[in-house]
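Here the structure is laid out as structure tokens; the discussion comes afterwards.
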Amino acid sequence: MDPGSASSPPPSQPHARGAMAAAATAGSSPGSGPGDSPEGPEAEAPERRRKAHGMLKLYYGLSEGEAAGHPAGPDPLDPTDLNGAHFDPEVYLDKLRRECPLAQLMDSETDMVRQIRALDSDMQTLVYENYNKFISATDTIRKMKNDFRKMEDEMDRLATNMAVITDFSARISATLQDRHERITKLAGVHALLRKLQFLFELPSRLTKCVELGAYGQAVRYQGRAQAVLQQYQHLPSFRAIQDDCQVITARLAQQLRQRFREGGSGAPEQAECVELLLALGEPAEELCEEFLAHARGRLEEELRSLEAELGPSPPAPDVLEFTDHGGSGFVGGLCQVAAAYQELFAAQGPAGAEKLATFARELGSRYFALVERRLAQEQGGGDNSLLVRALDRFHRRLRAPGALLAAAGLADAATEIVERVARERLGHHLQGLRAAFLGCLTDVRQALAAPRVAGKEGPGLAELLANVASSILSHIKASLAAVHLFTAKEVSFSNKPYFRGEFCSQGVREGLIVGFIRSMCQTAQSFCDSPGEKGGATPPALLLLLSRLCLDYETATISYVLTLTDEQFLVQDQSPVTPVSTLCAEARETARRLLTHYVKVQGLVISQMLRKSVETRDWLSTLEPRNVRAVMKRVVEDTTAIDVQVGLLYEEGVRKAQSSDSSKRTFSVYSSSRQQGRYAPSYTPSAPMDTNLLSNIQKLFSERIDVFSPVEFNKVSVLTGIIKISLKTLLECVRLRTFGRFGLQQVQVDCHFLQLYLWRFVADEELVHLLLDEVVASAALRCPDPVPMEPSVVEVICERG
Amino acid sequence: KVLGLEARALTPQTAETDAIRFLVGTQSLKYDNQIHIIDFDDENNIINKNVLLHQAGEIWHISASPADKGVLATCYSRTSDSKVLTCAAVWRMPKELESGSHESPDDSSSTAQTLELLCHLDNTAHGNMACVVWEPMGDGKKIISLADNHILLWDLQESSSQAVLASSASLEGKGQLRFTSGRWSPHHNCTQVATASDTTLRGWDTRSMSQIYCIENAHGQLVRDLDFNPNKQYYLASCGDDCKVKFWDTRNVTEPVKTLEEHSHWVWNVRYNHSHDQLVLTGSSDSRVILSNMVSISSEPFGHLVDDDDISDQEDHRSEEKSKEPLQDNVIATYEEHEDSVYAVDWSSADPWLFASLSYDGRLVINRVPRALKYHILL
């Protein structure tokens, strides 16, 4: 074994693998690899073999040493490669000799020698080590050879035995063949006979079943026999049976129908009947009709009983009970019918479903009509919670059939009813609130009328106001609470979009609360408009009270109530709502109009008094004044009463500062002297212009007085308005009369008296001065003989009176 | 224009159609009362004044004859024996003053001429005269006068020198009923007269002297004055102590057609413009005069109509002028020149765009309708 041959066939393993990979990819091998194979998949096998070779080589300790020793020449064709397959010693030596210097040659020579030696020794150890193994292997092989010979004999014997067994077996089966066939035939006959027997017995069995009422059983038998009979009906005997069967079946069907029609049994039994009839092949269409007709009969019965409950004369049971009955009776029945129908006539397809839907719609609408009638009866009642609960049940019950037959739209209709009822409820509450408000007003009227009779002048205005305000507020709250039930979480319809959105914002907030406040304002304003014309059908105190009430609403109550509403009803709807400010403005406007009207009414009362007093008196022929006229005292009294009345509800308000420091006395002296000054020139007939000039100049410097001007919300402003109206009336009336000397003096006295008492009520006392001065001046003009009274005398008379 | 005396009575010289002339009666207890004839020269803006003495007493009401420029009637009060009695008389003014002043105004103060008494309306049996109205279209022969609770129709005979009581009617009722004012309707062949008493408006037929309609509680308080729409025969305006001016359709007496509430005190006078009935003038004791444009209830709700008389034409015009936006009722102007209560306002009979107002302090103010509005109405 020289190292060259040993190493030459297997080149180093990585090398070979690389070559193989190259061969595989190239497609055609250059024939360099030892186990070359052209195809990719087969390349695996030689490779594995090569691996095995590698193992062997490892085993012989060859490749590693050699591989390491040789320079890794990549080219296998290189003849100079010591480990290469084409190693050519001549070329190699040639090359060495040609290329290498002497020293290297020497080196490689010694190296070579050393390698050869090492290889030799290795070889020897290998031989020695493996000798024993060879020997034992030879022994084993020999033994195996013996054993196999023995086994062969036994196998031969086994083969013969098996042949015998096969033979026997074949014979046995041949023998049994005949019997087996007969048995099979017999079994077949037996089964046939059983069937025949069943057929022959069928009529009697059916009869029995029918007699016993086991319709289900009968139908099943019939079903089983039907096909066979159908097939063999050309045989007379079968025909007979079939005829029998048909007769019985017909009877059966008859009976079933009978039962079905009697309708005494409940829906499930009917459903069973129908199911059986269907199995008997009765026409589904007709059955379907009939089924629905029966169901209708039953449901109509329910409806009739409901209607009876509804009955016109006897007090209907409470609405909760009613809806319960309706729910369990009618709606339950409808549910059952629908379920059964869908189960039975599923095969009918959309037409059948449509039929059911119409059926449900028709009956449902009748039911709804009944419910609505009942609910309408409930509208008048006040108990919201009961109604809401009833509606809840009603709605909840209808959700089941609603899901079952969506096409009939029962749930929608139910929701609609509930919504309608809710809306009506809102309307009802609005009515209630209005009625409450009017009731309050009536109470106030009575309360105002009563103490006047008793002689106590309006002591309770403030309390009355408080009462009215609180009672209205509590009514509003009660209504809100009642309406709030509709949106309670546990009520089944509260999550419908209507109740979440529109009901809250449009219904409750706008319709109920805003509507009520508006109508309140309108009611209040109506007091200003129509009846006032006819002369105070409304007590003035009521006007005052309403005005204050509206003002209070403007300042606080409206925003409070609306906030309360918004909180309770969590308005989610984004639809526009009336802002608080608008309502407040309305309320303020109402308050202002009411107060202005109050001023007008009271002013009218006083000015009528003054007008009558001026118009009815004969001023030319009066006596010298001794007293202040009673009318003037009355005017002052009334003004004081009004002052007290207004003071109960409205704040004092501001006056012009000058009033506080002007005492009565100085004021009266001042004004008297001024009066004197004003009509003094009219003594001299030569100077007619002076009077006019003087008064005109004075007027130029005084502000124009707006008599019926709008008032502010305070006592002084109200009183000022009333006094202005009264005094202006006095002025105009005086101008229409002609006065004698004493008539003028009487006017003088009266005006002075008024001046004494009226200044304290008004915002600007200058106003009273001006108007009264003008009255006296006008009276002087209307007097052919104007001789005024001494101011001191006037004062004395006034103080006495 | 200041007259220098208190005055309440004002009337245009109705028969005069060329010159703008007003008659004003003064009211004074101490001096001789006068009738001032005010001429307004439109082109030069000059006012001429002639004074006639009216010595009978202070003048409460004055009205000029529609037929004769020189004839007028007054209601005046006379004080005698500590009694005041209001009488009425028909007067004729001197010929040379009939058609305007040709003499210098300076003379009038020195040599005031006197009215010639034509006849006396005898009212001794009937009480105080409140006002006198002439038949608007007639020949100046018929006069209605209101005295306390009587309505009296007089026939003037023999060139107005004699007044014969033709017929009368009286108001019966509890309390002291007294007429405050009355107007003669220009429609229905001048057979209707409307009167105001207390809060009630009444219409009378002058042929039978019977009541034809009655508007109870027309105003909350006393009704001071009324006027007929010159172009719409059933329309009538009234004013009163409730500061309101109301417009009525006499066929429906339950509701006013329209209510104005612009004044802040009693409204003493209301007058329709004679040719453009959307213009309504009111005077009040809040010393304001208000000119309102009541287009919506006028005879020309859609602007000027070519043919005012033809009512059937109105339908056509309506459709034609639909494009025109209907005008809004509004207050055109508020005149605040007066310092005292305005007791009388009236339109000029010659120039439909001119009006006068008179306040108690004797100031007469002549105003024009704003030019813009005038052109708006005309064009």
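The values are calculated or read from the model by the stated rules, or taken from the named source; none is laboratory data. Just so you know, these numbers come straight off a predicted model, no measurement behind them. Positions of Cβ are backbone-derived with ideal geometry, glycine not excepted, and every protein chain shown enters the neighbour counts. With ligands, DNA and RNA removed, areas are computed over all heavy atoms of the protein, side chains included. Shrake-Rupley method; radii C 1.70, N 1.55, O 1.52, S 1.80 Å.
A few points about this structure:
- Chain lengthening between A:Glu567 and A:Glu286 when straightened (0.36 nm per residue, less Cα-Cα): 95.3 nm
- Other-chain or far-sequence residues with amide H under 5 Å of B:Gly240's (modelled H): B:Arg224, B:Val267
- Heavy-atom accessible surface that B and A bury in contact, both chains counted, 1.4 Å, Å² to 100: 3300
- In this rough spin-label picture, where each label sits 7 Å from Cα along the Cβ direction, the B:Arg207-A:Lys95 distance is 16.1 nm.
- Spin-label model, B:Leu85/B:Arg368: points 7 Å from Cα along the beta carbon direction are separated by 4.8 nm.
- In a reduced charge model with +1 at each Lys and Arg Cβ and -1 at each Asp and Glu Cβ, the stretch A:102-212 shows a dipole moment near 1400 debye about its Cα centre.
- Note on B:His188/A:Val644: beta-carbon distance plugged into 1/(1 + (r/R0)^6) with R0 of 45 Å gives a FRET efficiency of 0.20.
- Here the Karplus relation 6.51 cos²θ - 1.76 cosθ + 1.60, evaluated at θ = phi - 60°, turns the backbone of the stretch A:354-370 into coupling constants of 4, 4, 5, 4, 4, 4, 5, 4, 4, 5, x, 5, 5, 4, 4, 4, 4 Hz, with x for every Gly and Pro.
- Cross-link pairs A:Lys728/B:Lys246; B:Lys30/B:Lys142; A:Lys600/B:Lys246; B:Lys232/B:Lys374; A:Lys633/B:Lys83; A:Lys633/A:Lys728 - those with Cα-Cα distance over 24 Å: B:Lys30/B:Lys142; A:Lys633/B:Lys83
- Förster-model FRET efficiency, 60 Å R0, B:Gln55 and B:Leu379, C-beta, rounded to 0.05: 0.75
- The contact residues of the stretch A:766-801, meaning those that lose at least 40 Å² of 1.4 Å-probe accessible area when all protein chains sit together rather than their chain alone, are A:Leu781, A:Arg782, A:Pro784.
- Residues whose amide H comes within less than 5 Å of that of B:Phe179, counting only those at least five positions distant or on another chain, are B:Asp148, B:Asn149, B:His150 (H built at 1.01 Å from N in the peptide plane).
- Accessible area expressed per residue, the stretch A:102-212, with surrounding protein chains retained (probe 1.4 Å, Å²): 90
- Between B:Arg251 and B:Glu337, full extension at 0.36 nm per residue minus the direct alpha carbon distance yields a gain of 27.2 nm.
- Our coupling estimate for the stretch A:554-559, obtained by passing each phi through the Karplus curve with A = 6.51, B = -1.76, C = 1.60 and θ = phi - 60°, is 5, 6, 9, 4, 4, 5 Hz, Gly and Pro reported as x.
- Between A:Leu126, A:Met162, A:Pro101, the Cα set farthest toward the positive side of the dipole of the stretch A:92-183 (charges on each charged residue's Cβ, about the Cα centre) is that of A:Met162.
- At least 50 Å² accessible surface lost relative to isolated chain, residues of the stretch B:10-32 (1.4 Å probe): B:Leu29, B:Lys30, B:Tyr31
- Residues listed by number, the stretch A:631-653, amide nitrogen under 20 Å from A:Val796 label point at 7 Å toward C-beta: none
- Rg and Dmax of the stretch B:115-232, based on Cα coordinates, read 14.1, 44 Å.
- The calculated FRET efficiency for the pair A:Met155 and A:Val189, based on their C-beta separation and a Förster distance of 56 Å, comes to about 0.65.
- Three-way shape label, the stretch B:1-74, alpha-carbon gyration tensor, a/c 1.5: oblate
- Quotient of C-alpha Rg and 2.2 N^0.38 Å, computed over the stretch A:102-212: 3.32
- Computed lengthening from B:Ala67 to B:Lys141, 0.36 nm per intervening residue step minus Cα-Cα distance: 25.8 nm
- Working from label points 7 Å from Cα in the Cα-to-Cβ sense, the B:Leu165 to B:Asn44 distance is 4.9 nm.
- Computed 3J(HN,Hα) for the stretch B:116-129, one whole-Hz value per residue from the Karplus formula 6.51 cos²θ - 1.76 cosθ + 1.60 where θ = phi - 60°, is 9, 6, 8, 7, 10, 8, 6, 10, 4, 8, 10, x, 6, 7, glycine and proline marked x.
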